[in-house]
1. Quick check on the range 68-117: take the gyration tensor over C-alpha atoms, sort the square-rooted eigenvalues as a ≥ b ≥ c, and tell me if it's rounded (a/c under 1.5), prolate or oblate.
2. Skipping prolines and chain starts, which residues have an amide H placed within reach, meaning under 5 Å, of the one on residue 348, given they are 5 or more residues away or on another chain?
3. Using a 1.4 angstrom probe on heavy atoms only, work out the carbon and sulfur share of the accessible area of the range 42-186 in %.
4. Relative to the present Cα-Cα distance, how much length would full extension add between residue 194 and residue 393 at 0.36 nm per residue of separation?
5. Where does the chain land at 222 nm, in deg cm²/dmol rounded to the nearest 500, when only DSSP H runs of n ≥ 4 count, each adding -39500 (n - 2.57), divided by all residues?
6. Between residue 168 and residue 211, what length comes free when the chain is fully extended (0.36 nm per residue of separation minus the Cα-Cα distance, one decimal in nm)?
7. For residue 269, enumerate residues with amide H under 5 Å from its amide H, sequence gap 5+ or separate chain, H modeled in the peptide plane.
8. Residue by residue through the range 208-225, what is 3J(HN,Hα) from phi via Karplus (6.51 cos²θ - 1.76 cosθ + 1.60, θ = phi - 60°)? Round to whole Hz and write x for glycine and proline.
Amino acid sequence: MSSSEIFKRASESRLLKDPYVEKVWRLIGDTGLFKKSPDFLESLRRDLLRESLDFFKRHSGYYSQLFERLDIDPKSADFPDLAKLAIPSDMLRGDGQKQFLIDDVEQGGEFFTSSGTTGKEPVKIYRSPLDLAIMIKANTYLFEHVYGGKLEEGKGIALFLAAPELRHKLSFVAFVQLTLEYKDIELLYGMDMVQGETSGTQWQKLVPNRERILKFMKSKAEPKLLFTAPAGIYLLSQNFEKMNILKRIVYKLVTGTPPIELGRGGVIVTGGGSKGYTLPPYDDIVSLSRKYFLAKDSSGQEIPTPFMDVLGMTETLTALIDRHGSLNKIPHPLSQVFLLDPRTYGVIEEDGKEGILGIFNPFVTSWLETFYPGDLMSSMPSTSYYGREFKYIRRFTVEEGWDLQRACGGTMEEMMTRKG
């Protein structure tokens, strides 16, 4: 579906007649949220938590029974209850999400899967048309806030170092394409997918489409937005770095690069992890890439090329985004992001400690989207609307993941009891 088709179908959703969903739809289009205080937003998220649980109690026999068994009253629920309700992402592999969808889930949406780099069965998530529309609005406004300005409709050009086929598999690719469609900004896919029985992950089957990459390089449009996995920008920059003088002169004569001019407002946006490649630290990737990709601020003054990094796993409707060097990862104003103590599995209230990342998105209408993606992060105080920023530490080891599954009481324990 295109973004316009998604918005058309979303506008026909019968769930919009539900007072809670109507409220969510109104809030998700309010860019004024990014100017509110952390205390105001925390209070709003607490209200949304209670109203969200009430919505799922009314629309799902599963959640109604679950809340009763866990002794959670939606009217008085609070953030610590999320520690009991959140599930490890491993429970969403294959058809795992089916049991969490509301009874009257709306059809006609799309499925997304994880990239499969772990070698396990991919995580698979269904998004209804209404949830897809919420995804477009929420991520567009969050992106613009971290980017530092509004993307003007019809202006600029974007290159995504991915293949078009991935738009319908990976949510990060869908985030990007649908947001750019929403803004009427031209998107070029810089890779093609090798067909056949070639081994490796989807990302390792990609080969460059030189024609589209050259079109992006030579374009005079501003701003130029480059989306890529960290491996993509690193390999491209490394290729420039390894050119001898003769090859660099010839390449310059043919393509006009390096360097690649991203123009006013140009930015490089990374996301999606290592994709199976062994990479240097992110700071080193940024440092190397800035030698070959140049950008300017809105006045035309050359600046260190901005980098933004997106933590946008398949399970979450909205991403956490950072602006390298000035802002650590920050959630959408309505997302409740929390950290659990790895030893006690209690919610960490203080900043500065490493903890297990948990996410709750109260604006998702098809299932109660609260989960542990399997990442270790820390938090720090911030003057931003959220009052906190988050720093990615690392993925869990397999052993830590099993410990987390065993330690997750609440939903998982209740399900095991029910099945037994």
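1. On the way: a/c = 2.74, a/b = 1.59, b/c = 1.73.
Oblate, since a/c reaches 1.5 and b/c is not below a/b.
2. 339, 340, 341
3. 45 percent
4. Details: separation 199, 0.36 × 199 = 71.64 nm, distance 3.31 nm.
Additional length available on full extension: 68.3 nm.
5. Details: 13 runs with 148 residues, N = 420.
Calculated mean residue ellipticity at 222 nm is -11000 deg cm²/dmol.
6. Numbers: separation 43, 0.36 × 43 = 15.48 nm, distance 2.29 nm.
Between residue 168 and residue 211, full extension yields 13.2 nm more.
7. 226, 227, 228, 308
8. Taking θ as phi minus 60°, the curve returns x, 9, 4, 4, 6, 5, 5, 4, 5, 4, 8, 4, 9, 5, 9, x, 9, 10 Hz for the range 208-225.
The values are calculated or read from the model by the stated rules, or taken from the named source; none is laboratory data. Computed from a predicted structure; not experimentally measured. Here the Cβ is made from the backbone with ideal geometry for all residues, glycine too, and neighbour counts use every protein chain on show. Accessible surface areas use protein heavy atoms only, side chains included; no ligands, DNA or RNA. Shrake-Rupley method; radii C 1.70, N 1.55, O 1.52, S 1.80 Å.
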